[in-house]
Amino acid sequence: MLQKGKVWWLLGLSLLVYSLWQRWPLRLTPSEFEFAFPLLAWQFIFVLGMASGWYKAELLSFARTPPGKGVVVALVMVSLVLGFVAQNHTNPFMPPALLMHVIPPDSFNSFYHTWAAKNGLGPVRVLNDIALMVTVYLVLTYCWTPLNRLLGWFLIPLGQHSLYTFILHVYVVLLVSQFITFDLWRHAWIENTMAVMREKWLLAGVLLAAIPAAEAAQSSDKETLRDKNGEPVQAGVFTSRWGRLFSGNDKKFSGALSFSSGLKEQWMSIPNSSDTATEKKKINQTLNLSLQYSPYSFWFANITSRLPVRDTSRYTADFRYSFGYDDWHANTVSLVYSNYGDNHFWTSGSRRHTYFEQGAFTLAYKFSLPKPVENTLLINKGDSIICQVGYSWVPRYYDLSSDDIRKNKNVMLGGCGYTFKQHFFVRATAFWFPDSSQQQPWNGDYSYSFGYAGYTPGSFSIQYANYAGTRYPGHGNGNAKFREGTVSLIWFLPL
């Protein structure tokens, strides 16, 4: 409708929907966000903003005319008057010393809930938003030079990447809340404000560091993910449990920050001192820092430290590690040791920091499919398929049936991965235990993962992976349900 110049029809239709909702409130969807931001009401302010942006040049031209100047002055006055009204708010979470208390509380509450309610987006709140935006725009226009020098470096990256900032700040708040209690009733405004400013400072720093990398990633999107011989490359972060963390990256030092979350509650042992622990049912959520060092060629060593989001203590922090030789190109051999077992920086009781003998040594061979087969399976030009077969040997392993440590677990593995549009992927691996008695309930018949993988520093990846006790139909009992898997959001550090 905007392209066809029917802006008044669009605004009229949006206003009609808004007005009908004010008379007959209706939740359009069962989503939780509609309790705070009813879609049929808040669509009006979205349409207003979209139309204002579409006709920005025309609105600026109108503002320079005598009638336009009168409208601007009126809106500035409205914003000042409503600012005065807002300073008489009865919100119990606001420090009383910062409020004016001129308007009686009953009068304010009656006016606020009738005409300016937040959730219902009252008409006075819409007017206030318009007036405030015009006032702020006017102040920025006349004071741009000093404000830009003072705060531009900080606020501009946040504004240019507002959706990204909005999403990422949830995880930053989650991290900060482990150390600072956000309690509105305590009125710890200085403490909370400083915490939020540290959070925004971190986000701005992340953006400033990530923008060059993101631009590099956009330019590299035009290139197909294949090596110099034309063979496919499965690039990305955390491509498998028996290889390097950062496939497709040839830097000596690599790192990633990630947040991982299970999809269902499970019983977990929570160490609370050096020799005691409690059992608790919860969703396993962790913040992770992964570091990798590749001194030469495709030799590498990496470690991932994990910190639980809840029940955080030095005893609940653990780590995983691997090292070896892993060439991510097709038609290559890899030999990797990996340990995803019970490894802790601070041990409880008589436990060791790590049980090296319970890690796995994996010898694998990566290969591409024959060209006729590959060309038949590929959906787009630039997509890739790479497969792998291998053998894992575990010197010592825990056997549930005997409640004892056994020797020499042997596992054969084979699988393939498909990379779509250079970033989206799906991977699956099948496992075979020559001695079926060595397969534990948590050892799956297969594993699978899918998601979006970034492969340049500063990029993001999001993926779902299921390494739980999956079982083929008719093969015993396992935990093959989708909710047994883990969702991870990963940021490839721009080191």
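Within the stretch 140-150, one or more residues are farther than 22 Å from Gly12 by Cβ and surrounded by 13 or more Cβ atoms within 10 Å (Cβ to Cβ).
Out of all the residues in the stretch 349-388, which are in a helix (DSSP H, G or I) and surrounded by 15 or more Cβ atoms within 10 Å (Cβ to Cβ)? Within the stretch 349-388, Gln358, Glu374 meet the criteria. Every condition in (1) touching a Phe, Trp or Tyr at 6+ places or on another chain (Cβ under 9 Å); (2) in contact (Cβ under 8 Å) with a residue 40 or more places away in the chain; (3) more than 19 Å from Thr304 (Cα to Cα); (4) surrounded by 14 or more Cβ atoms within 10 Å (Cβ to Cβ) holds for Gly451 except the one numbered (2). I'd like the residue in the stretch 273-313 that is over 29 Å from the mean Cα position of the chain (by Cα) and over 30 Å from Lys251 (Cα atoms) and, out of all such residues, is most open to solvent (accessible area, probe 1.4 Å). Top of the filtered list is Asp275. In this structure, Ser402 does not qualify as crowded, with 16+ Cβ neighbours inside 10 Å and more than 23 Å from Val336 (Cα to Cα).
Conditions tested, residue by residue: (1) modelled with pLDDT under 90; (2) over 37 Å from the mean Cα position of the chain (by Cα); (3) over 20 Å from Trp24 (Cα atoms).
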position	(1), (2), (3)
Leu40	no, no, no
Ser52	no, no, yes
Gly68	no, yes, yes
Phe84	no, yes, yes
Asn109	no, yes, yes
Asn119	yes, no, no
Leu127	no, no, yes
Ala131	no, no, yes
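Scanning the stretch 378-404 for residues that are within 23 Å of Thr362 (Cα to Cα) and free of Cβ contacts under 8 Å to residues at least 24 places away in the same chain yields a count of 0. Going by what's in this entry, would Arg471 be described as of a type in the set (D, E, K, R), assigned to a loop (DSSP other than H, G, I, E, B) and surrounded by fewer than 20 Cβ atoms within 10 Å (Cβ to Cβ)? Yes: the conditions hold for Arg471.
For the stretch 454-477, taking the residues that are in contact (Cβ under 8 Å) with a residue 24 or more places away in the chain and more than 27 Å from the chain's Cα centre (by Cα), the one that is nearest to Ile490 (Cα to Cα) is identified as Arg471. Provide a single number: the residues in the stretch 240-265 that are loosely packed, with under 15 Cβ neighbours inside 10 Å and modelled with pLDDT under 85. Summing the residues that are loosely packed, with under 15 Cβ neighbours inside 10 Å and modelled with pLDDT under 85 in the stretch 240-265 gives 4.
Answer yes if at least one residue in the stretch 435-445 is open to solvent by 20 Å² or more (accessible area, probe 1.4 Å) and in contact (Cβ under 8 Å) with a residue 60 or more places away in the chain, and no otherwise. The answer is no, given that none of the residues of the stretch 435-445 is open to solvent by 20 Å² or more (accessible area, probe 1.4 Å) and in contact (Cβ under 8 Å) with a residue 60 or more places away in the chain. When the stretch 1-39 is filtered for residues that are in a loop (DSSP other than H, G, I, E, B) and among the hydrophobic types (A, V, I, L, M, F, W, C), the ones remaining, listed by number, are Met1, Leu2, Trp24, Leu26, Leu28, Ala36, Phe37. Taken over the stretch 267-315, the criterion of being of a type in the set (Phe, Trp, Tyr) and assigned to a loop (DSSP other than H, G, I, E, B) is satisfied by Tyr296, Phe298, Tyr315. The one condition from (1) touching a residue at least 40 places away in the same chain (Cβ under 8 Å); (2) in contact with a Lys or Arg (Cβ under 6 Å, 6 or more places away or on another chain) that Asp318 does not meet is (1).
If you filter the stretch 324-348 down to residues that are open to solvent by 10 Å² or more (accessible area, probe 1.4 Å) and of a type in the set (D, E, K, R), you find that the one that is farthest from Trp299 (Cα to Cα) is Asp342.
If the condition is being over 14 Å from Gly122 (Cα atoms) and small (Gly, Ala, Ser), then the stretch 15-51 contributes Ser31, Gly49, Ala51.
Of the residues making up the stretch 421-434, those that are out of contact with any Cys (no Cβ under 9 Å at 6 or more places or on another chain) and either open to solvent by 30 Å² or more (accessible area, probe 1.4 Å) or among the polar types (S, T, N, Q) (or both) are Lys421, Gln422, Phe424, Val426, Ala430, Phe431, Trp432, Pro434.
The values are calculated or read from the model by the stated rules, or taken from the named source; none is laboratory data. Because the structure is a prediction, the values reported are computed rather than measured. All Cβ positions, even for glycine, are placed from backbone atoms using ideal geometry, and neighbour counts span all protein chains on display. Please note that ligands, DNA and RNA were not included when accessible areas were found on the heavy atoms of the full protein model with its side chains. Shrake-Rupley method; radii C 1.70, N 1.55, O 1.52, S 1.80 Å.
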